[in-house]
Amino acid sequence: MSEIMLSLVPLVLVVLLSFQVFPVALGISGKESLKNTVFPIVILALSQTVLFLAGYYLGGKFMYLLRGYTSTVLFIGFFIIGIRMFMEAFKIRKGERTYELNDQRKVLLAATAQAVNTFLAGLLLYFIPLNIVTVTALLFAASLVMAVGGVVVVPGKQSLSFASLLYLISGILIIVSSVYFIFAAF
């Protein structure tokens, strides 16, 4: 049971982390040409994926030094990520974390900024044995779906509330998963 749970937790975590692209995607206008809409969507999904992989492979370079403290590091790391997402939810609700992304450079900057939590999760997931191809493909697909959802939804008070709710739910579930790591046998 423990091994099944340990293999499912990274999959759930990457889906929760993919929610980060939704508020940024709200700023992409779906009324423009297909090229001007598809490019930012792909950039958002790729930024999540590339920074996750960078974190995972960078974790392999130095996280082995913390091997004796695996449960503690996973708890603290994911707890901090969950708290950050929880706090960002209130800023999203006010509209502080949405941008009008009509410039390619702004898209790249916003995509990189929102993927920092995913980079940190990649560092932490080094400790958990996982199929990196499956996890990466799931992260890319979920990020793509969330980005398309953000473009399709009409920006407004309700969409900001929904984006805030997604962040709250993901923050809470990431905090719950961090508590699980305290009791997981490593």
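What follows draws every value from the coordinates through simple rules; no lab data is involved. Only a predicted model underlies this, so the values are computations on that prediction, with no experimental measurement involved. Quick reminder, even Gly has a Cβ in these numbers, built from the backbone with ideal geometry, and neighbours come from all protein chains shown.
What are the ³J(HN,Hα) values, in whole Hz, obtained from phi via the Karplus relation 6.51 cos²θ - 1.76 cosθ + 1.60 with θ = phi - 60°, for each residue of the range 7-21 in sequence order, with x given for Gly and Pro?
7, 7, 4, x, 5, 5, 4, 5, 5, 5, 5, 5, 5, 4, 7
Counting each DSSP H run of 4 or more residues in the chain as -39500 (n - 2.57), what helix-only mean residue ellipticity at 222 nm follows after dividing by all residues, to the nearest 500 deg cm²/dmol? Please report the intermediate quantities before stating the final value.
Details: 8 runs with 144 residues, N = 186.
One gets -26000 deg cm²/dmol as the mean residue ellipticity at 222 nm.
Can you list the HN-Hα couplings for the range 155-170, worked out from phi with the Karplus curve (6.51, -1.76, 1.60; θ = phi - 60°), rounded to whole Hz and with x for Gly and Pro?
Each residue's phi maps through the Karplus curve to give x, x, 4, 5, 5, 5, 5, 5, 4, 5, 4, 4, 5, 4, 4, 5 Hz.
Relative to the longest principal Cα axis of the chain, at what angle does helix 70-94 sit, 0 to 90 degrees, rounded to 10?
20
Show the residues, 5+ positions off or on another chain, whose built amide H is closer than 5 Å to the amide H of Ile28.
Distant-sequence amide H within range of Ile28: Leu101.
Return the sequence-ordered ³J(HN,Hα) values of the range 33-49 in whole Hz as given by the Karplus equation 6.51 cos²θ - 1.76 cosθ + 1.60 applied to θ = phi - 60°, using x for Gly and Pro.
Each residue's phi maps through the Karplus curve to give 5, 4, 4, 6, 9, 5, 4, x, 5, 5, 4, 4, 5, 5, 4, 4, 5 Hz.
Could you estimate the translational diffusion coefficient of the chain from the Stokes-Einstein equation, with Rh from the Kirkwood formula over C-alpha pairs, at 4 °C and 1.567 mPa s, in whole µm²/s?
Answer from the Stokes-Einstein relation: 78 µm²/s.
I want to verify a result. In a Gaussian network model of the chain, Cα cutoff 10 Å, which of these has the top mean-square fluctuation: Thr72, Thr136, Thr112?
Highest fluctuation of the listed residues: Thr72.
Please report the orientation-averaged projected area of the range 72-182, defined via the convex hull of its C-alpha atoms, in nm².
Value for the range 72-182: 7.3 nm².
Strictly over 32 Å apart at the Cα level, which of Lys106/Lys157; Lys35/Lys61; Lys35/Lys94; Lys35/Lys91 would you flag in this model?
Those over the limit are Lys35/Lys61.
Would you calculate the separation in nanometres between label points at Ala54 and Leu11, each defined as 7 Å from the Cα along the Cα-to-beta-carbon direction?
Each label point is offset 7 Å from its Cα along the Cβ direction, giving 2.8 nm.
What's the FRET efficiency of Ile80 with Lys106 using the Cβ-Cβ distance as r and R₀ = 25 Å, to the nearest 0.05?
It comes to 0.40.
Using Cα centres only, tell me the gap between the range 68-96 and the range 1-55 in whole Å.
Spelled out, the Cα-based centre of one part sits 17 Å from the other.
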